[in-house]
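Engineer: To start, I am sharing the structure in question, which I have written as structure tokens.
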Amino acid sequence: MQVLDLTFTDYLSAKTIADRVAILGAQINEDFGDKNPLFLCILNGSFMFASDLYKHISTPSEISFVKLASYKGTTSTGTVVNMIGLDKDLFNRHVVIIEDIVDTGKTLFEFLPTIDHQQPASISICTLLQKPEALKHDVAVKYVGFAIPNKFVIGYGLDYNGYGRNLPEIYQVVK
Ligand code: IMP
């Protein structure tokens, strides 16, 4: 399959994804019981995963949708990642971050202090995909759908220059 200038091949089928998402949901239900978790869906890439995962959450919970905006700090703080659109108070909440993919881990590494600052009861990360070979920052991801090779993927919410998010399966670049 061709998207812009890249060629992709089938990688994870819709059924494979759905089965794994159901298992992740069951694990989260078991782990959080009556803790009333607050899910934070990181837009844009996580919208499809979050939507399917959340249907499997049977414990009382809430979900909020945020975007991340990064800018360079003026001092030694380096890059600061701000959250846009948060409509819930994180104080004392069990926060479950829903990500599409953890690649180098940079985004989460820079974003976690923003959450931590609000003193949640706990922070857990749930990502559909993780590229272990690409990881450069020390972020502890509690729930991983699939550990995948360090190759670019699209579909199921993930894009290549804006395209491919609508695909119900995940495709891997051919190189
Ligand atoms: P990190 O900060 O390096 O962990 O990168 C995370 C972000 O990079 C993800 O939220 C995606 O937006 C993007 N990304 C990394 N790898 C891929 C990929 O294979 N396909 C699509 N987007 C990706």
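Engineer: Report the antiparallel proportion of the DSSP beta bridges in segment 26-175 as a percent, rounded to a multiple of 5.
Structural biologist: Of those bridges, close to 30 percent are antiparallel.
Engineer: Please work out whether segment 115-175 counts as rounded, prolate or oblate from its C-alpha gyration tensor, where a ≥ b ≥ c are the square roots of the eigenvalues and a/c under 1.5 means rounded, while otherwise a/b larger than b/c means prolate and anything else oblate?
Structural biologist: prolate
Engineer: Right, next: Could you report the accessible area of Phe91 in Å², rounded to 10, computed with a 1.4 Å probe on the protein chains as they sit in the structure?
Structural biologist: About 110 Å², ignoring ligands and nucleic acids.
Engineer: While we're looking at this one, here's another question. Give, in nm to one decimal, the length gained when the segment between Asp159 and Thr104 is fully stretched (0.36 nm per residue of separation minus the Cα-Cα distance).
Structural biologist: Extra length available between Asp159 and Thr104 comes to 18.1 nm.
Engineer: Next up: Measuring from a point 7 Å past the Cα of Leu43 along Cα-to-C-beta, which residues in segment 84-111 have an amide N at less than 13 Å?
Structural biologist: 84-87
Engineer: Ok, one more. Hey, rough spin-label estimate for Ala26 and Asp116, points 7 angstrom out along Cα→Cβ, what's it come to in nanometres?
Structural biologist: 3.4
Engineer: Still on this model: Working with all protein chains in place, sort Asp19, Asp159, Asp89 by solvent-accessible area computed with a 1.4 Å probe, largest first.
Structural biologist: Per-residue accessible area, sorted high to low, gives Asp89, Asp19, Asp159.
Engineer: Hey, another quick one. Relative to the Cα centre, what is the charge dipole magnitude of the chain, using +1 at the beta carbon of each Lys and Arg, -1 at the beta carbon of each Asp and Glu, and rounding to the nearest 20 debye?
Structural biologist: The dipole of the chain has a size of about 220 debye.
Engineer: While we're here: With a cut-off of 8 Å between alpha carbons and a minimum separation of six or more residues, what is the relative contact order of the chain in percent?
Structural biologist: 25
Engineer: Here is a follow-up. Quick one: with all protein chains in place, what share of the accessible area of segment 104-172 is carbon or sulfur, to the nearest percent (1.4 Å probe)?
Structural biologist: On segment 104-172, the fraction of accessible area on carbon and sulfur atoms equals 50 percent.
Engineer: Let me ask you something else. At 1.4 Å probe size, with every protein chain present, just tell me what the per residue accessible area of the chain comes to in Å².
Structural biologist: Value returned for the chain: 51 Å² of accessible area per residue.
Engineer: If I take every Cα pair under 8 Å that is 6 or more residues apart in segment 93-175, average their sequence separation and divide by the length, what percent do I get for the relative contact order?
Structural biologist: 26
Engineer: Related question: For labels at Asn36 and Ser51 in the simple 7 Å Cα→Cβ model, what's the distance in nm?
Structural biologist: For the pair Asn36/Ser51, the computed spacing is 2.9 nm.
Engineer: OK, next. Which links in Lys35/Lys88; Lys55/Lys131; Lys35/Lys67 stretch past 20 Å when you go from one Cα to the other?
Structural biologist: Over 20 Å Cα-Cα: Lys55/Lys131; Lys35/Lys67.
The values are calculated or read from the model by the stated rules, or taken from the named source; none is laboratory data. Note that the structure is predicted; figures quoted are calculated from it, not measured. Cβ atoms come from the backbone with ideal geometry, glycine included; neighbour counts cover every protein chain shown. Ligands, DNA and RNA are excluded from the accessible area calculation, which covers all protein heavy atoms including side chains. Shrake-Rupley method; radii C 1.70, N 1.55, O 1.52, S 1.80 Å.
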